[in-house]
Structure formats: C-alpha cells, structure tokens
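In what follows, a single structure is set out as structure tokens and then discussed.
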2 protein chains.
Amino acid sequence: MTDVAARAGVAASTVSHVVNGTRPVSTELRRRVLEAIEETGYLPNRIARSLVTSDTHLIGIVMSALTNRFFVAVVAAMERAGRRHGYSSVLADSRDSVQGEADAVNALLSRRVDGIVLAPVAGDRKPVLDRLLSEEVPTVLIDRFADSRFDQVGVENIESTASLVEHLAALGHSRIGFIGGLKGLSTTEERIRGYRLGLERSGLGYDHNLVASGRSAAAPAEQALGLLLDRPAPPTAIVSGNNYMTIGVLAGLRKRGMRVPDDIALVAYDDIEFAEVFHPRLTAIAQPVLQIASTVVNLLIRRMTGKDGAGPPQATRLPGTFVHRESCGCPPNGSAPPARSQPRRHPEQPPRSRHALVAEG
Amino acid sequence: MTDVAARAGVAASTVSHVVNGTRPVSTELRRRVLEAIEETGYLPNRIARSLVTSDTHLIGIVMSALTNRFFVAVVAAMERAGRRHGYSSVLADSRDSVQGEADAVNALLSRRVDGIVLAPVAGDRKPVLDRLLSEEVPTVLIDRFADSRFDQVGVENIESTASLVEHLAALGHSRIGFIGGLKGLSTTEERIRGYRLGLERSGLGYDHNLVASGRSAAAPAEQALGLLLDRPAPPTAIVSGNNYMTIGVLAGLRKRGMRVPDDIALVAYDDIEFAEVFHPRLTAIAQPVLQIASTVVNLLIRRMTGKDGAGPPQATRLPGTFVHRESCGCPPNGSAPPARSQPRRHPEQPPRSRHALVAEG
DNA sequence: ATGAAAGCGCTAACAT
DNA sequence: ATGTTAGCGCTTTCAT
C-alpha cells in the first residue's frame, strides 16, 4: 500500500479511501491511485484491515459431520449466501464430540470470526454455549435446538413426522414401526413426538415394541430394524428417522429378501439425493435446505451488523416437504396423500431442484 | 494481552512467550501468567499475530461444487488433516465459472491464506493460475490436472477405466457404451482414453456411435443414454463416467423399463454412497478420497513450511479401487473379475469405510 | 479534498 | 531470564 501511495504520489490514507470509497477523492488522484494499483497488482491486506476495524467478515461454521449430506447442503448454501454479502466461511469439524466442539469454537474465536453457525453435538454443550455467550459473538444454532438463549433455525419435525405416520395409517397400516435417532438430539425427540402424535390422530395406540433406536446411523438402524421385525407382531410399515438410518433399513430389508412396499411399507424423514432412482422410489420428508441456509445467514448478518440487531433470540422452524412417491405403497401416479398440515407435492411436478445434480467427480 | 501482562505483573512479551513457548520463562512467572490468562479468559488474537508473522495458518479451498459428494468428502478429510497441523480451512465456491474462480481466489489471497487447494473449473484458467504463481502462494491442484507448473493430486483414470471396460468385455460384451463427462476436464479426457485402451486390450474396435457426452451431470447423461439406446445397434453394456451421470443413467433405464444387469449391464466411475443398497448393487471404481486428501494436505504443508520445500512440482495419481458387485452381470458372490493392473476387493470383505455413515440429518 | 500521525494486538529483535 | 521498543499494513481521527 505504501508502494501504491508512493507511485501515485499521494498519502496512504488517500489510497485507503479510494479503495474503500470512504471519502470523496478528486477524479485526478483517484485515477492515479487506480493506475498504481493496476501496475503493482496490489491486493489489500484484510488481516491488517481486520486488526484496526476489528471485524473479519468471516463466518465460522461448526458441524458435527461434514459427511452428512444434509449438513453439507446447508454449508454449501450458506457459503454462497454469505459470500454474496462479502463474508467468507471458515469450516470446523466438531468430530461429534464435546471436546472437538470446544476446540473448534476456540479456534474460530481466536480467529475473531464475526459470527458462528453451530450444529450442537449431543452431550453437555453448556460450557461451549456459555463461552459463546460471554464472548458475545453472534451465534445461530442450526438443526438441533439446544438452548433458547440463542437464535435457532431448523426444520419443523413434529407435524411432518406425524404426517408420515398418518399417511401410513390412512393406507390401512395399524402396526407402524419407528426407527429413531441418537438420544439427546432435539431432532430425535421431536420426531418421536411426531410419531406419537401421528398415531394418536389416527386412533392408533403407542406400542413401544414398535420403536427402536437406530442411533442416527446406518448400521445401528439395520440392527434396530432386525429387532422390530423379529417381534411376535412385527410392523407392516416403517418410519425411518433420518437419511442414514434409511440406508440401514434398506440394506436390512434387502438382506431379508423383503420387498418394499409389497412386504413392508417404508417412509422416511429426510429426502435422499438418489431417492428418485431407488426402486421403489422413497416417500419422504425433504428438508428445506436452501431456506434453512438463507434464514441462518440472514439472521446472522442482522446480528453481526447490529442493524435491527438486538431483539430477543428467535427459534425458526421451517416446514419440510412431504414428497409422495411409491415406497409407502401408493401407485406411481396415485392420488395425493390425505391432506393435513403439511404442504404436499407430487414428484411428477419437478421439485425446485433441492439437489443440484451437477459437475464432476 | 496488556491486561494479562498487568495482572501478572510482567511485560507483554513475557506473556507472548509463555503462550507460544518461544523462550524459557521462569516457573514462577509462567504460573502467574497462566493464572492471569485463566482469570481473564484471554484468547490470543490470531489476527494481530498474523499481521506480524505474516502467516495465517489458513488453507483456502476452492471447489466448483460443494454439492458433489466426491469433493465434499475430500474437503471433510482435508479439514481434519489440516486441523491436526493447526490449520483452519476457508471455503470458497467457484460456482463452476472462470469468473467465480477468480473471485474466490482473490478473496483468499486478500485474506492471506498460507496455501490454496484448487479444483480448477473447465475453461480458461490460465489467468488465475498465473496470478497464483506470481503471488507465490503454495497451491495444489486437485482432481483435474490443468497445469504442470503446480503440484497436482488426483485419481488415476486411464487404467481404472480400462479395467471397467475389460471386465465387461470378459463377460462377453462387444458393444460397450460410454457416457463421458464435460469437455475440457482432464478427468473426462483420461477416462475416455481409458475406455479406448480397455477396448483395445480386449480386441474390440472403437465405435463413436457408442460414445456420448453426459456433460458430467445427471440430466444430460440421461439424454446421452437415450441417444445410445436408440442407435440401430445399441450397446449391451454401459460405462458411466462419474457419479452424477450414473444417477441419470439409472433414471433413464428405469423410465425405459430396462433392468440391470438383465437387459443391460452397467459399471461406473465413482462409487456412490448408497451403492450398497441399489438393486442390483453397482460395480464401480471408488476414488481414494482419504488418500487424496492427506496427500494434498501433506504436500501443501511441506510447501508452506518450506521444509524439504522447494523441489519441482509433482503430479500424483492415486489408484482407484475396483469394487466388484452385481450391476455388471456377475452373480452376488461371483468370482473375482479378470485380474489386471487394478487392485480388487470384493465388498463381502467390508471396505475400510470410505463413507462414514454416521450422524444426524 | 488531502496529508500526518496515532494505534489496532501482537512478535521479535535488541537490550540488560 | 526478563523488559523495552519497533514495527506488521492498514483505518481513522485530527489538522490543514
């Protein structure tokens, strides 16, 4: 920058002002400065800038597992939304442990990120959250609702899970099994509540023999499925609690030679990227990934810039979409499922591409 | 930091030295400093640190599409590998355009990242690459080989694609179709060369009527498939050039009511996360994601730290893994495919989990 | 409209 | 073994 100033024959502060447009500069000087910048290939040093302005235009993203499609989609969407506003994204994997989460947060804090997006791990997250609060760095919690002192954004779980159950019940199923997620996650608990709600609304009783924990992962879900199927009165339909568990369920059913939906019906929470090519195609609740991402980023930016800023923390639950296909037992172009609180759409009217199926591998 | 120094009754430089262990400090003073740090909850400001040391311990990652499973897996693995060495990762999506790539690189440069990992877009990347070179920031190119002035890491494409073709040929197929990727990507070109090599080795001639471009995405791949199937002499087996195109092929086959592998055999480049639950399960080349990631990070760190540093740029091509399942037409526990240059393994001996199927959605 | 100078929070000589 | 001091490359008063 000193170099540029010298070449243009102006003071450093003038260079700064033409770069940032922070005060009027005569056309002549501006021209000379711009020229000098061009010649030298000068690129402002944001580190130095940050030191004085004490903002970094950095958003820290702490996720438990970047291998998870849902989180990845959210990260990708946030990165884009953020960059439109001049923010870059720093990634930190919490490795699904309380310690890893604390490390990740500290790393971000010491880099002085302007804001943090955090998908809290299961476990005692109080210390980290307290820390975040005392450091006063704007933070929004994503996916899992963990602490009402923070802004939180996630999918609406109860009604949508209920709608899955009600759909199966309307199809005549009375023994509907449920494969739930990891204990201690709000998503898990809410989806179970949705399951019970759906049963209730359908006039069906709750039977704990029809519920097992798939611990949010494929392999345990496969085991959980085995448990349910080996009951004296096994379920005739299954509700899977998330994308990975659906994989486990599918694998388990295949090994047992059971066909969906002839031998057993299957519906799931989370749409799967490849759901369209499964045979039969999966009836599922799709999460509003893009909306979650943009809600998070907008909220965060409001908090960071202080504009409209304060206000009490808010929890936003975005509705999922009931994607009606055939794994529930309905015919390929069958009638719409029994209407209820969920917005419905049939895949024949192509989805506003939730997954951009593009590019190279 | 001044606060900490005051509380501990020492000079700021002493605080710095206990924090960084950069010079011996008496146990007494160290104790007092540590105590003061504890009391104040002091967190070193890496921004200020970076300004003087002129390193940020930041790695910039420029990817064309974070929605792509393969890239995501690599990013996740790099993030972990990097953080083990004290580096954080800044993400930048090039939005698959030359302009987007340039913007992304500039953003990273202006943040003074210590190194960059770049998956070059298709198109004229020369300007960006020249820029990178002149800025002298250590850079490694990933996946697509674009410029030999840089370190490059990717999968070996030719031999592995050839092995796919040879396998089909050995099964008796003589009309083997190929759905290729986007023009201008080295992966696309190499896989086509592999296809031709496989044909040649199998004593089969090249017929351009059996080759079509799926432009690296699902929808165009589905069209490309249609093209091939409508030929007077359609292929009896298909080789798909990447994961997304496989989705398109699968979708296309389903719409035509063609069954794999009875009506047509299918093998693919890129293993798919859910390949195990497809019916039939997909025979594919799996990319060595973890190895690619750790190779990239190690290389980058060597260049950044200057240790062992200089040396000419090197191109590393890591071998893929032939994952033999049933979509090729082999029986579920069939014999191994005809051996050739590729390492083989049968899924029955469980893979060193390429995809951690864990966590929550 | 422009320049001079102070200072952001650190590290690294340079002293002692 | 510890303290003092001079910057790192910017932004931002405060003068002019």
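Does A:ASP143 meet the test of being touching a helix residue (DSSP H, G or I) at 6+ places or on another chain (Cβ under 7 Å) and either of a type in the set (A, V, I, L, M) or within 11 Å of chain B (Cβ to nearest Cβ) (or both)? When the stated conditions are applied, A:ASP143 passes them.
Checking each residue in segment A:273-288 for being buried (at least 24 other Cβ atoms within 10 Å of the Cβ) and under 13 Å from the mean Cα position of the chain (by Cα) picks out only A:GLN287. Restricted to segment B:146-159, and to residues there that are touching a residue at least 60 places away in the same chain (Cβ under 8 Å) and more than 13 Å from chain A (Cβ to nearest Cβ), the residue that is nearest to B:VAL75 (Cα to Cα) is B:VAL153. Hey, among the residues in segment A:27-47 that are surrounded by fewer than 11 Cβ atoms within 10 Å (Cβ to Cβ) and more than 14 Å from chain B (Cβ to nearest Cβ), which one's farthest from DNA strand C (Cβ to nearest atom)? Ranking the candidates gives A:THR27 first.
Only one entry in A:LEU253, A:LEU197, A:LEU182, A:LEU229 is closer than 18 Å to A:VAL165 by Cβ and not basic (Lys, Arg), namely A:LEU197. Taking the condition hydrophobic (A, V, I, L, M, F, W, C) and surrounded by fewer than 23 Cβ atoms within 10 Å (Cβ to Cβ), does A:PHE178 pass? No.
For segment A:1-26, the set of residues classified as within 45 Å of the chain's Cα centre (by Cα), surrounded by fewer than 19 Cβ atoms within 10 Å (Cβ to Cβ) and more than 10 Å from DNA strand C (Cβ to nearest atom) consists of A:MET1, A:THR2, A:VAL19, A:ASN20, A:GLY21, listed by residue number. Taken together, the residues in segment A:214-247 that are more than 21 Å from A:VAL155 (Cβ to Cβ) and not polar (S, T, N, Q) amount to 16.
Can you tell me which residues in segment B:48-57 are within 8 Å of chain A (Cβ to nearest Cβ) and either buried (at least 22 other Cβ atoms within 10 Å of the Cβ) or of a type in the set (Ser, Thr, Tyr) (or both)?
Across segment B:48-57, the qualifying residues are B:SER50, B:THR56.
Taking segment A:254-272, which residues are at the interface with another protein chain (Cβ under 9 Å from one of its Cβ atoms), surrounded by 20 or more Cβ atoms within 10 Å (Cβ to Cβ) and of a type outside the set (Ser, Thr, Tyr)? Correct list: A:ASP270, A:ILE272. Among the conditions (1) within 20 Å of A:ALA162 (Cβ to Cβ); (2) in contact (Cβ under 8 Å) with a residue 60 or more places away in the chain; (3) among the hydrophobic types (A, V, I, L, M, F, W, C), A:LEU282 misses just one, which is (2). Regarding B:PRO337, is this residue modelled with pLDDT under 60, touching a strand residue (DSSP E or B) at 6+ places or on another chain (Cβ under 8 Å) and part of a loop (DSSP other than H, G, I, E, B)? Here the answer is yes, as B:PRO337 does meet what is asked. For the criterion of being surrounded by fewer than 20 Cβ atoms within 10 Å (Cβ to Cβ) and either in contact with a Leu (Cβ under 9 Å, 6 or more places away or on another chain) or not assigned by TED's automatic domain parsing to the domain that holds A:VAL72 (or both), A:VAL117 fails. Number of residues in segment B:74-88 that are more than 9 Å from every other protein chain (Cβ to nearest Cβ), surrounded by 24 or more Cβ atoms within 10 Å (Cβ to Cβ) and of a type in the set (Gly, Ala, Ser): the value is 1.
Pairing residues of segment B:13-25 that are under 17 Å from B:VAL52 (Cα atoms) with residues that are near DNA strand D (Cβ under 8 Å from one of its atoms), at Cβ distances under 6 Å and at least 6 apart in sequence or on separate chains, gives B:VAL15/B:ALA5; B:HIS17/B:ARG23; B:HIS17/B:VAL25.
The values are calculated or read from the model by the stated rules, or taken from the named source; none is laboratory data. Nothing here was measured: the structure is a model prediction, and the numbers come from that model. Neighbour counts run over all protein chains shown; Cβ positions are idealised from the backbone, glycine included.
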